[in-house]
Amino acid sequence: METGLKKVIFMAVLAAVMLTGCGDGKRGSAYDMLKNTESYSTKAEVRYISNKGENIYDTVQTAKKDGRYRIDTVAPEQYKDTSLIYDGKLVWQKAGDTDKIKVTSNSPERALLILYSFIENHEKSMEEATVTTSASPNSAFTVLEADIAGNDKIFSKEKLWLDEKNGTPTKLVIYNDEGKEKIVVNFSEFKYNESIDDDIFSIQ
């Protein structure tokens, strides 16, 4: 009886190990949910990595499928209440009650933090992009890869982790052309199809 139990446990562990990192080409139901959602909101811890060290920001992302987005910084304290707002044409930076600052282009670095940007890049590189799965007794993730257009050496590829259990994104990593992490975004309290007032994407 004891031997039989050990065999069952061994087979279960072996199956989990075999699933980890195994590419099956299936994007999973979580990706379908993300791709088809009209809007989302989420907390996002953003970590920027350079040869000088790391900078970490706690933010809140709000985005719509048409490309508009808003990133509100919660921490660190010196950047609290700073907002980046893309209204569909221009990016605006708003720092608390100070005057608005117009940014003349949608910075690739900022846009890459938004999940609709990942979807666009992934769809463009679907033939070459890899899809892997990672499984354990309590979770199952789909890991999607995408090439970033523009042949940028700093931002070359990106990967997105999707939790198939609850259907939400958990992590986004952006790599340089040497495969080193440059930006790591950890998502929490992710909400699909939030009722979002369009006014939050405009500067009054």
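A few remarks follow.
- Single residue of Lys171, Lys159, Lys191, Lys165 found to be within 23 Å of Asn138 (Cα to Cα), assigned to a loop (DSSP other than H, G, I, E, B) and touching a strand residue (DSSP E or B) at 6+ places or on another chain (Cβ under 7 Å): Lys165
- All positions within the stretch 157-167 that are farther than 18 Å from Ala44 by Cβ and out of contact with any Phe, Trp or Tyr (no Cβ under 6 Å at 6 or more places or on another chain): Glu164, Lys165
- Whichever residue in the stretch 36-80 is in a loop (DSSP other than H, G, I, E, B) and of a type outside the set (D, E, K, R) and, among such residues, is nearest to Tyr192 (Cα to Cα): Thr37
- Extreme residue, surrounded by the most Cβ atoms within 10 Å (Cβ to Cβ), among residues of the stretch 154-168 that are within 19 Å of Lys124 (Cβ to Cβ) and either modelled with pLDDT under 90 or not aliphatic (A, V, I, L, M) (or both): Glu158
The values are calculated or read from the model by the stated rules, or taken from the named source; none is laboratory data. All figures in this text were calculated on a predicted structure; none of them were measured in a lab. Using ideal geometry, Cβ is built from the backbone for each residue, glycine included, and neighbour counts are taken over all protein chains shown.
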